[in-house]
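Chemist: Please read through the structure below; I'll follow up with questions.
The values are calculated or read from the model by the stated rules, or taken from the named source; none is laboratory data. Bear in mind the structure is a predicted one, so any value in this text is a computation, not a measurement. Cβ: placed from backbone, ideal geometry, glycine included. Neighbour counts: every protein chain shown. Side chains included, ligands, DNA and RNA excluded: accessible areas come from the protein's heavy atoms. Shrake-Rupley method; radii C 1.70, N 1.55, O 1.52, S 1.80 Å.
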Amino acid sequence: HAWIEAEKQRPFAWQQAPLFRVQIHRRSDAQFNLTLSFHHAIVDGWSVASLMTELLQRYFACFGYAFAQPAPLLASYHQFVALERAILADDSCRHSWQTALQDGSISKLPRWPQTAPRPAHADVVSLSRSLSAERSNRLQQLARRAGVPLKSVLLAAHLNVLRVLNNQADIMTGLVSNGRPETADGERVLGLFLNTLPFRLTLSGGSWLELVQQVFAHERHLLPFRRYPLAAIQQMQGGAALFETAFNFVNFHVYEGLADLTGLAV
């Protein structure tokens, strides 16, 4: 624990490779800790999951476990950089974002009255909640009935909570997205592909099913514009913050490859 806390304070020099460190601590004959430390500018969550899965698969292969050597990568991070540069130069994409955000306002969370100055370094509080298996199954059933991914069902719930809190239908939040190359092996490339999109939608009311389908339709509408960097969108809007909430759906199912190979659960 002390080593982990100290490791958190060890910075990376941006101009010097490598921008990640791997450390193994042998705890006993049967236990060890494997720690990956990295500068977030070089890898996103899916890349970390892919890297750790292949690393452990190759490790177990040394002890006789089956491991299929992956084919050489055809996709590369250069493709993503080229795609991002191309969309930055696309005036029609810039115009689309300007139109989408015109006369928009931040959907804020309610505040307690400020009776005292806010501390310079206020604590960050994490709150975790687990859903029951029954509720999880019902959400997945709704997704199947609507013909959409589970992500869209949960995003619809997120937007509806903001609608209730703000007492208005025009909602603005952030949607964490990625711009990976759309090639056969694009999911295997390591790097940082994330972009947070301003997600603005006027909720039209109706049933939950209709709301979920409306949200999914808007997600599909944004797909061609998802690589336009948030920093550039914010700059064209005058530099002010565009949202103070964000929705990030993660499902690192690449780890299932470890369970299939060794029975190891992550």
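Chemist: For a quick check of your reading of the model, give me the residue pairs whose first member lies in the stretch 247-261 and is open to solvent by less than 80 Å² (accessible area, probe 1.4 Å), whose second is of a type in the set (S, T, N, Q) and part of a helix (DSSP H, G or I), with beta-carbon atoms closer than 7 Å and at least 6 apart or on different chains.
Modeler: Hits for this filter: 254/50; 254/53; 255/53; 257/53; 257/57; 258/53; 258/57; 261/57.
Chemist: Also, I was wondering about something else. Could you grab me the full set of residues in the stretch 23-33 that are of a type outside the set (Ser, Thr, Tyr) and either at pLDDT 90 or above or open to solvent by 100 Å² or more (accessible area, probe 1.4 Å) (or both)?
Modeler: The first filter runs over the stretch 23-33 and keeps only residues of a type outside the set (Ser, Thr, Tyr), leaving 23-27, 29-33.
23, 24, 25, 26, 27, 29, 31, 32 - these are the residues of the stretch 23-33 that are of a type outside the set (Ser, Thr, Tyr) and either at pLDDT 90 or above or open to solvent by 100 Å² or more (accessible area, probe 1.4 Å) (or both).
Chemist: Still on this structure: Of the residues 187, 244, which is open to solvent by 60 Å² or more (accessible area, probe 1.4 Å), farther than 28 Å from residue 144 by Cβ and touching a residue at least 12 places away in the same chain (Cβ under 8 Å)?
Modeler: That would be 244, the only listed residue that is open to solvent by 60 Å² or more (accessible area, probe 1.4 Å), farther than 28 Å from residue 144 by Cβ and touching a residue at least 12 places away in the same chain (Cβ under 8 Å).
Chemist: What number of residues within the stretch 11-39 satisfy the criterion of being of a type in the set (D, E, K, R), over 25 Å from the mean Cα position of the chain (by Cα) and not in a loop (DSSP other than H, G, I, E, B)? Show your work before the answer.
Modeler: Within the stretch 11-39, the first condition is being of a type in the set (D, E, K, R), and the residues that meet it are 21, 26-27, 29.
Still in the running and over 25 Å from the mean Cα position of the chain (by Cα): 26-27, 29.
Next cut, not in a loop (DSSP other than H, G, I, E, B) only: 26.
Count: 1.
Chemist: Could you run through the stretch 208-229 and say how many residues are open to solvent by 50 Å² or more (accessible area, probe 1.4 Å) and over 19 Å from residue 98 (Cα atoms)?
Modeler: Matching residues across the stretch 208-229 total 6.
Chemist: May I pose another question? Residue 85 is checked against (1) more than 15 Å from residue 258 (Cα to Cα); (2) touching a residue at least 60 places away in the same chain (Cβ under 8 Å) and fails just one. What number does that condition carry?
Modeler: So the condition that residue 85 fails would be (2).
Chemist: Which condition number in (1) of a type outside the set (Phe, Trp, Tyr); (2) modelled with pLDDT of 95 or more; (3) over 30 Å from residue 20 (Cβ atoms); (4) surrounded by 10 or more Cβ atoms within 10 Å (Cβ to Cβ) is the one that residue 107 fails?
Modeler: (2)
Chemist: Please work out if residue 232 is surrounded by 14 or more Cβ atoms within 10 Å (Cβ to Cβ), modelled with pLDDT of 95 or more and in a helix (DSSP H, G or I). Reasoning before the result, please.
Modeler: Details: surrounded by 14 or more Cβ atoms within 10 Å (Cβ to Cβ): yes; modelled with pLDDT of 95 or more: yes; in a helix (DSSP H, G or I): yes.
In short, yes.
Chemist: Tell me, yes or no, whether the stretch 14-31 has at least one residue that is of a type outside the set (A, V, I, L, M, F, W, C) and touching a residue at least 24 places away in the same chain (Cβ under 8 Å).
Modeler: There is no residue in the stretch 14-31 that is of a type outside the set (A, V, I, L, M, F, W, C) and touching a residue at least 24 places away in the same chain (Cβ under 8 Å).
Chemist: Right, another one. Only one of 20, 80 is surrounded by 11 or more Cβ atoms within 10 Å (Cβ to Cβ), aromatic (Phe, Trp, Tyr) and in contact with a Pro (Cβ under 7 Å, 6 or more places away or on another chain); which?
Modeler: 80
Chemist: Give the residues of the stretch 163-180 that are of a type in the set (A, V, I, L, M, F, W, C) and buried (at least 21 other Cβ atoms within 10 Å of the Cβ), sorted by residue number.
Modeler: 171, 172, 175
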